[in-house]
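A quick write-up on the structure given underneath.
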Amino acid sequence: TVLSLSPASSAKGRRPGGLPEEKKKAPPAGDEALGGYGAPPAGKGGKGESRLKRPSVLISALTWKRLVAASAKKKKGSKKVTPKPASTGPDPLVQQRNRENLLRCLGDFVCRRCYRLKELSPGELVGWFRGVDRSLLLQGWQDQAFITPANLVFVYLLCRESLRGDELASAAELQAAFLTCLYLAYSYMGNEISYPLKPFLVEPDKERFWQRCLRLIQRLSPQMLRLNADPHFFTQVFQDLKNEGEAAASTGGPPSGSSASTTSSSSARDSCATGAKHWTMNLDR
């Protein structure tokens, strides 16, 4: 009998190198229940215990998640317990009341200083001030109103040192001198770099306007700088402005005549010299 072997059948039993392929050994009967991987090492748990074990990386990740969750819960609880801090900004109603009072004091002072103008009223002076400020706002030259308590103190300083009642014979002259003080106040205390001249000019001759500006700058530059640098000096000028309104209220209105003007100015000066109580307030510069 002759057996014929085909090349294909002989190639199946050999490796690519021509060596016969090793036969796989069947797992023992006892190992079939364990999936052919053999029994676990001695001294270690069985199949149920191996399922409970986790790699160290997973254990550390779970621990980290728990720590993050605990810290987040702690922060959330602390936010609930911490009270919300109260706002420390100035009250708008208080600021408006202070501004109106100081405007009235400024008007009373100018009416008392310009005793020759019998028909002048504090409201007229306040109207000049508001007209300039409103014009600059509407024309886009400034983003916020200039009339604040600190700026009113600055304007009062300029008016007190520049306005002379015996030299002002008409309301037009007073308006020109007052608007000159406003122009310097806006230029020095305003938030903008420059301001137009038109709202401050009520006379055809610009040369006179610039001459008044130069005279005020030469005379009052040290006091203007000191008002911003020295808090005590600022408080004193602020108290002087407040005394102007109190003097007008005690006499029933702005008095007329040189004697009344001299008396009110001397009384305000004496009250500051004798150590009158100075009080401060939140002023928005």
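The values are calculated or read from the model by the stated rules, or taken from the named source; none is laboratory data. None of the values given here were measured: they were computed from a predicted structure. In this analysis, Cβ positions are derived from the backbone assuming ideal geometry, glycine residues included, and neighbour counts consider all displayed protein chains.
Here are the numbers for this structure:
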| quantity | calculated |
| --- | --- |
| Count of the range 164-176 residues which are surrounded by 17 or more Cβ atoms within 10 Å (Cβ to Cβ), without any contact (Cβ under 8 Å) to a residue 40 or more places away in the chain and in a loop (DSSP other than H, G, I, E, B) | 0 |
| Close pairs from the range 140-153: first under 14 Å from Leu182 (Cα atoms), partner exposed (fewer than 15 other Cβ atoms within 10 Å of the Cβ) and not polar (S, T, N, Q), Cβ under 6 Å, at least 6 apart | Thr148/Asp284; Ala150/Arg285 |
| Complete set of residues in the range 194-223 that are assigned to a loop (DSSP other than H, G, I, E, B) and either closer than 21 Å to Phe129 by Cβ or of a type in the set (S, T, N, Q) (or both) | Ser194, Tyr195, Pro196, Leu197, Leu201, Val202, Glu203 |
| Number of the condition not met by Asn191 [criteria: (1) outside any helix (DSSP H, G or I); (2) modelled with pLDDT of 90 or more] | (2) |
| Unmet requirement for Asn191, which otherwise passes all of (1) in contact with a helix residue (DSSP H, G or I) (Cβ under 7 Å, 6 or more places away or on another chain); (2) farther than 17 Å from Arg130 by Cβ | (1) |
| Yes/no for Phe109 being among the aromatic types (Phe, Trp, Tyr), closer than 15 Å to Glu244 by Cα and in a helix (DSSP H, G or I) | yes |
| Residue selected from the range 194-242 under the condition among the charged types (D, E, K, R) and closer than 17 Å to Ala172 by Cα, by the criterion surrounded by the most Cβ atoms within 10 Å (Cβ to Cβ) | Arg212 |
| Meets criteria (touching a residue at least 40 places away in the same chain (Cβ under 8 Å), part of a helix (DSSP H, G or I), in contact with a helix residue (DSSP H, G or I) (Cβ under 9 Å, 6 or more places away or on another chain) and among the charged types (D, E, K, R)) for Glu161 | yes |
| Unique match (being farther than 21 Å from Glu246 by Cα, free of Cβ contacts under 8 Å to residues at least 60 places away in the same chain, hydrophobic (A, V, I, L, M, F, W, C) and out of contact with any Phe, Trp or Tyr (no Cβ under 8 Å at 6 or more places or on another chain)) among Leu137, Leu120 | Leu137 |
| The range 188-201, residues that are closer than 21 Å to Leu125 by Cβ and in contact with a Phe, Trp or Tyr (Cβ under 9 Å, 6 or more places away or on another chain) | Tyr188, Met189, Gly190, Tyr195, Leu197, Pro199, Phe200, Leu201 |
| Subset of the range 69-120 that is in contact with a Pro (Cβ under 7 Å, 6 or more places away or on another chain) and modelled with pLDDT under 85 - its residue that is nearest to Phe146 (Cα to Cα) | Arg99 |
